[in-house]
Each structure stands twice: as structure tokens, then as C-alpha cells.
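Take a look at the structure set out below.
The values are calculated or read from the model by the stated rules, or taken from the named source; none is laboratory data. None of the values given here were measured: they were computed from a predicted structure. Every residue, glycine among them, receives a Cβ derived from its backbone with ideal geometry; neighbour counts consider all protein chains shown.
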Protein chains: 2
Amino acid sequence: MKRGSRPTQHDIARAAGVSTAVVSLVINGRANGKVKISSATQERVRQAIRDLGYVPNLAARQLAGGQTNVLGVFTYEPIFPMSPTDFYQPFLVGIEEQATKSDYNLLLFTRPTGTGRRHIYYDGVNQLLAAQGAVLVGTNEDRDELSRLRDEGYPFVFVGRREINGENIPATAADYTGATEALVGRLIAAGHRQILYISFQSENESAADRTRGFLRALTAAGIPAPECFVHRTEKAPTITLEHLRQWIAQGITALAFEQINTAYEILELAEGAGLRVPGDLSIVALGKADDPTVHHHDIDTFFIPQREMGAGAVTLLDRILREPDASISYPITIPCTPVPGRTIGPPAPSGAAGKEVVEQAL
Amino acid sequence: MKRGSRPTQHDIARAAGVSTAVVSLVINGRANGKVKISSATQERVRQAIRDLGYVPNLAARQLAGGQTNVLGVFTYEPIFPMSPTDFYQPFLVGIEEQATKSDYNLLLFTRPTGTGRRHIYYDGVNQLLAAQGAVLVGTNEDRDELSRLRDEGYPFVFVGRREINGENIPATAADYTGATEALVGRLIAAGHRQILYISFQSENESAADRTRGFLRALTAAGIPAPECFVHRTEKAPTITLEHLRQWIAQGITALAFEQINTAYEILELAEGAGLRVPGDLSIVALGKADDPTVHHHDIDTFFIPQREMGAGAVTLLDRILREPDASISYPITIPCTPVPGRTIGPPAPSGAAGKEVVEQAL
DNA sequence: CGCACAAGCTAATACGCTTTAGCACGCTGC
DNA sequence: GCAGCGTGCTAAAGCGTATTAGCTTGTGCG
């Protein structure tokens, strides 16, 4: 063992009077498998490891095709967010928790990619290869990269459902469809027939799932679901009191918002203008981050199980690494817990009544 | 090249009709150094790389070269805190930022150590060795571990000043001494002569630094600094209105709290009881976390430069790794920016006046 | 012509580990 | 006495890359 450098298996082998193969077998717990090592020898090896302070070289281990116990975490956004109310935080909490339980260390990919935006491929090199597998988090992902990654057979799991070329990639996903269906079902059960679904996100998988749940709830109740029930818009400010007035006049009795923030703004807008919620208008939000600092107590919605999604991603990745040939159907879906509020109620008796109220309010 | 696996330098070499050495040299831009490769050959190699879609194998590269670009991050507390207002968060933000700039990936040590509490040494083995060097964060550190770590010559940096056997270890530290001296100086400039320093923490380096700054400010102004000016207590609730009353009666005109939370509680306690701050009592806090969600607008204090401390730790570690023989004096000190408030003012005319006010208030 | 020297390349080795074929040995059963 | 077998171990072959000592060839120069 050269001065100043770490001991290798070779050094351990020499100290314990065995071959490096024995050392490797003992370290990897394969001493009682096909090849057997006497317990006396095992103990000598372990003692030598302790004496010399041996730690395996990760790169060598990986090169030789062994276990490194390192999972990569790649986020398209900065990992440690400046804003403590960051949406991604709970995912990472879940990832760390489960990594600890499953005995993995986490390798965070923070190296710059020159372009400002983060990329998996850096200088032509797949950064993730430094880890055995990786969990990917973020909204701003690069589909081409994901596609390439999958083609290469690199083991990874996305947090959130993602499709590449119409096919689901390994992922853990919130059951937006089911949760939306249940929530909208509650509106229908309360008597609503004309429900407007307001989508602010660009077309992505989460929005698609919610839309599907929305439509399912309608069809399950035998309500025809014309496209005019889905309102897509770019930004929150585009909804005004004027919009609300028009919708109510059209006979709309309930609004389903994709984002809880917008739901909350509109709730305040409506109540500030004298509209009663529920009564004149019922409001639901299709999901709420598990953020302990913010409480939208009153809006009917459901929790997005972020920690579970993060933890589930690690569990799934672990399984993929252990059983590379297992056929698993993606995504792994995790249910959302309902958050009861006070914004669902029976609709106003008729469209005309709604109209009156709004005119009074203005 | 086997099916299903990525092309290697060997494949490129064969395709371009050269040896693997040439491929390696071209890839690493060393084709014009000691060993020269004709530009025609270089172009052939590059073309083959493009044709076959070659991507270097990181593990092999690391094994052969030694450079891993991986820094360890060891925290005694969980890394992704559940509480978004966690004190450690900003340190990690800084670490990540600087790691990105300095072109390092971060290896988070999350593997359990069996004992519940996290430890660097696991089964007698230094876990950190998996990385080139490590940044350590946390209050609950194990001094023996740090001592051993240093003796082994492992490159590491602590975030926050730490002494082992009376000697400073590599660390980045907030300039508590200077900031405290300046802040207490402002009290003195306002006319205060009897200032009570209230310490809640157990005896550690940060508390010691503040105490030193406090005493320096006093001696610089020629004020004798008897020990009775330092009040140590375990928990916040132990300070009551009764205490305040006694202190004012003793002629104390200003309080310096180690923790801003306590300062804030006492401020509310005092004002709730009719005491005027400042006026009857001036209050300062010796440091405030860089937490954007909490605003103690009104208390005079200073920011603890947490992000800079984290970033500085990475910078320092980088330097230690690059110049192992450089002699650097520790800790690297980072100044604290003052946060002006409204709780410093001139003292009450006399001790007796203070007494009166308190008696009215009670 | 003979030598020195540069250019352009190859062969070989090392990095630290995992894995597997196979060896030596002692025991059992016939 | 020997085949057959299990136990405990070793030797050796990679994994994909970087590095370097040398080899060959061509060129300039005295």
C-alpha cells in the first residue's frame, strides 16, 4: 500500500493472508453462496478491513459490474431550493427517507452543463452513469434526453408520470385521475351538472390525467361532457369577475381548478364581490402540495402525495436494479388523500337565480 | 461491440483503424501535446465517435484517472429537512451553488449507520472515502470523529468554526465576533453602559465568538466587563417579566440575545407589559438566519451568511484538494451584514426612572 | 553516408474490483 | 483403492480508460 493512498483489496488480502477474491466475496456477503469461505477466514478479513480502514473504490466497483449503493438524483431545477415552500422539496424528502431505508447514498448531479439549463448529457457524457441508477425530478425535462436514456437501457425512474412516444416510462405518479374523479363526483352528488374545468398548465401528463378523471366523473353520472366544459388559459390573471359572471349566467354552478393557488385567488375574488361560495358557486382544486406552511383550509381538494412519490421512486428503482428482467407496468400509482373543505355545496336553484346574484354583486 | 452495450474506445479504434491510445488522446484533447496525432487521423477518430455514438464510461475514466469530481456532504441531521424553515437549508443551498460553479457533483451520505444517529465511521470504516473530500454540516457533531478524521489526513471542511484540542480545523465561519462587537458598539454609542448578554446555547464555538465580541466592545469603550453581564440559561421560558423587572431595577438598559427567537419573545413580553422598547429597554439579537419566510423586522441584529458559508466551504475544499500543501489559516471568516431595526435607542435617564416604569407596568 | 531528431503512432501496463473456472484436500461409500 | 463429492480457497480474466515507453518512418544536416 503506497503512502498517502487508500488501502485496496490487495492490501487487505495480504494482511489477512488470503487472495483478493476472498476479500471481495466477504465484503459483498457472498461468502456463503456458491463459493464458501470459512467463518474463521471471514473474521480475519473483516479484522484486516477494520485495521487498515479499507473502503471500496466506487469507480472500480462499478467498472467491474458490482454494487455501489449509490443512486443518482437529477433535478432539472436547483436541488436545494431557495424558496422553502418549493414544490419539489417534499419529493426530495421522500427520496432521502427511502434511500436511507434502502441503504443507498445519493449522488446529486449539480455539475453545470454550460448551457445554463441542466442536462443529463454533459460534454457528451451521460453524467448519471456515475450512479447505479437515477431518480429524475422536475417539470422542465428534456424529452429527447429521456428518450435517449431509455434507449440506452439506463435504469431510471421519473417522479411524475411521463410518456415518451406514447409509452409510459418508469415513474411514480399521483393518482390524479382517480382523485379528480372522486372530487368531481362529490360535486355531481351535490347536484351540480354544469361544471367548468379550468386548466392553467400546458398540456402535460398531469393535466391529461385530471382531464380524464373529470370526464370520467361526468360520463359515470350520465352527463354529456362537451368540450366547452374545459377552459384552458395561460395565466391566472386572465380570469376576472367578468368571466365568473358570464359563466354563472351560462348556468355553470361549479369550478374545478387545476392549481390550488388560482382556486384560492378566485375564491377571494368571488367572495370579495359578494358571491357566496358555495351557494352561488362551488369551487374545488385538483390537488394541493403537501406544504405544511400554507393552509388553504377551506377549499375542497386532495393532497398530492409528494413524499410517497419520492420514496416510491427509490423503491421502484431499487426493484429495477435488483430484478432487471421483471416486467412492471408503469407508472406506479399512488392514491391522493382527500382534503375536505367548505367550498362544495348544492348549486343555486337555477341559472336565472345565479344571474340575479351576480348582477347584485356588481 | 456486444449487442445492447455501449461502444467503447476499442470499437472506435477498430472503426478508425488506430489504437485505443490514439482514441483516448483525441478525446481528451491531448493530441497535440507530448504525443502528436496527425489532424487527418484525429478527424477519422472523431468521425468514428460520431458514427458509433460513443460516450465515455465515467467509472473507467475515474478508475484510470483518479478524478471523480465528487464531493461528499455529510450532515448530522437529515439532509432534506421536513421543516422548510430549517436552519441548515441555506448552508446546503450555498454548497450546491458553489459545487455547480466549481464543477463538482455531490454525494450525500444517507446510509444508516445502525445506531440511529449518523456517523462518519461505520464499522470502523470512514464512509467519506467514497468521495474526494467532504463538507460537514451540523451541530450535533462527534468531536472524536472529527479528530480522527483530521489525523487521517482526509480532506474535509466544516461549516461553522470548530476546534479540536484547542486547534481550529478547516472551516468556514461567520464573523460572530466582529458582528457582535459592532452591534454592541451601537448600543454603547447610544449611551448604554449596562448591557446584559443572554446566552442560551451550551458552550460552543459560536457562543464563545459572540462572547468575545461582546467583551471586546465593552473594553474598547473602557467599560469594565464583570461576569454578571453574561447570563447563561438553558431554555427560553426561564426568562420572565420578573427577570426584566429585576434587571431594569439593577440599572440594566439593554439586552443582547444570542437567539433571535428569544429576543422576539422577550420583545413581545416586554411590550405586552407596557414597557417601551427602546426607551425602557433596548434589545439586540446576535444573529439571524437567512430565512426569507420569517421577518423579525424590528429587532436590531445581523444576518448569518449561511449561503456564503456553505459556498465558501466548497471553495475551500476545492483549494485544499488542488493544493494539498498550501498552508491556510482557519477558519475562513465571512462577515455578517447588519440588519437595522427599531429596538436600539438611548437608555432611560437613570436606573431609578427605569424602576418607576416597571412598577407602573406591573 | 551516417547521425540526430521530430512526427506519428502502437503495445503494454495500471487503475481496483468482481466473477468464475478450477485446484487441493479430506471425507464417504462401495 | 478409488470414484465421487463437498468445502475452502486461488488464479486469472476481464471491465473501459489514461498514460507512457518505445517503435517506425521520414527529414535535415554535416
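Some points to look at:
- For A:Pro78, the stated conditions hold: it is more than 9 Å from DNA strand D (Cβ to nearest atom), within 14 Å of chain B (Cβ to nearest Cβ) and under 31 Å from the mean Cα position of the chain (by Cα).
- Close pairs from region B:45-60: first farther than 13 Å from B:Thr20 by Cα, partner among the basic types (Lys, Arg), Cβ under 7 Å, at least 6 apart: B:Val55/B:Arg6
- Residue list for region A:50-71, restricted to those being more than 10 Å from DNA strand C (Cβ to nearest atom) and either away from every other protein chain (no Cβ under 14 Å) or crowded, with 21+ Cβ neighbours inside 10 Å (or both): A:Val70, A:Leu71
- Filtered residues of region A:244-283 (kept if of a type in the set (Val, Ile, Thr), under 20 Å from A:Arg210 (Cβ atoms) and in a helix (DSSP H, G or I)): A:Ile260, A:Thr262, A:Ile266
- Filtered residues of region B:163-183 (kept if of a type in the set (S, T, N, Q), crowded, with 24+ Cβ neighbours inside 10 Å and over 21 Å from B:Ala311 (Cα atoms)): B:Thr180
- Restricting region B:32-49 to residues that are modelled with pLDDT of 85 or more and among the basic types (Lys, Arg), the residue that is farthest from DNA strand C (Cβ to nearest atom) is B:Arg46.
- Residue match in region B:73-86 (condition: of a type in the set (D, E, K, R) and within 14 Å of DNA strand C (Cβ to nearest atom)): no
- Of all the residues in region B:23-54, those that are among the hydroxyl-bearing types (Ser, Thr, Tyr) and closer than 12 Å to B:Ala13 by Cα number 3.
- Positions within region B:12-31 being near DNA strand C (Cβ under 9 Å from one of its atoms) and either surrounded by fewer than 17 Cβ atoms within 10 Å (Cβ to Cβ) or on the phi > 0 side of the Ramachandran plot (or both), in sequence order: B:Gly17, B:Ser19, B:Thr20, B:Ala21
- From the options B:Val93, B:Val73, residue that is within 30 Å of B:Gly138 (Cα to Cα), at pLDDT 90 or above, β-branched (Val, Ile, Thr) and away from DNA strand D (no atom under 16 Å from the Cβ): B:Val73
- Checking every residue in region A:243-253 against the condition of being of a type in the set (Phe, Trp, Tyr), surrounded by 22 or more Cβ atoms within 10 Å (Cβ to Cβ) and more than 30 Å from A:Glu97 (Cα to Cα) gives zero matches.
- Flag if A:Thr85 is modelled with pLDDT of 80 or more and under 19 Å from the mean Cα position of the chain (by Cα): no
- Residue match in region B:327-350 (condition: modelled with pLDDT of 80 or more, within 30 Å of B:Ile164 (Cα to Cα), part of a helix (DSSP H, G or I) and not aromatic (Phe, Trp, Tyr)): no
- Unmet criterion (only one of (1) assigned to a loop (DSSP other than H, G, I, E, B); (2) at pLDDT 85 or above) for B:Ser202: (2)
- Residues that are more than 8 Å from chain A (Cβ to nearest Cβ) and under 18 Å from A:Ala99 (Cα atoms) within region B:86-113 comprise just one, B:Thr113.
- Selection count where residues are more than 11 Å from DNA strand D (Cβ to nearest atom) and loosely packed, with under 13 Cβ neighbours inside 10 Å, scope region A:1-11: 4
- The residue of region A:18-32 that is nearest to the other protein chains (Cβ to nearest Cβ), among those that are more than 8 Å from DNA strand D (Cβ to nearest atom) and under 16 Å from A:Val55 (Cα atoms), is A:Ile27.
- Residue list for region B:32-49, filter: of a type in the set (Lys, Arg) and either crowded, with 18+ Cβ neighbours inside 10 Å or more than 46 Å from the chain's Cα centre (by Cα) (or both): B:Lys36, B:Arg44
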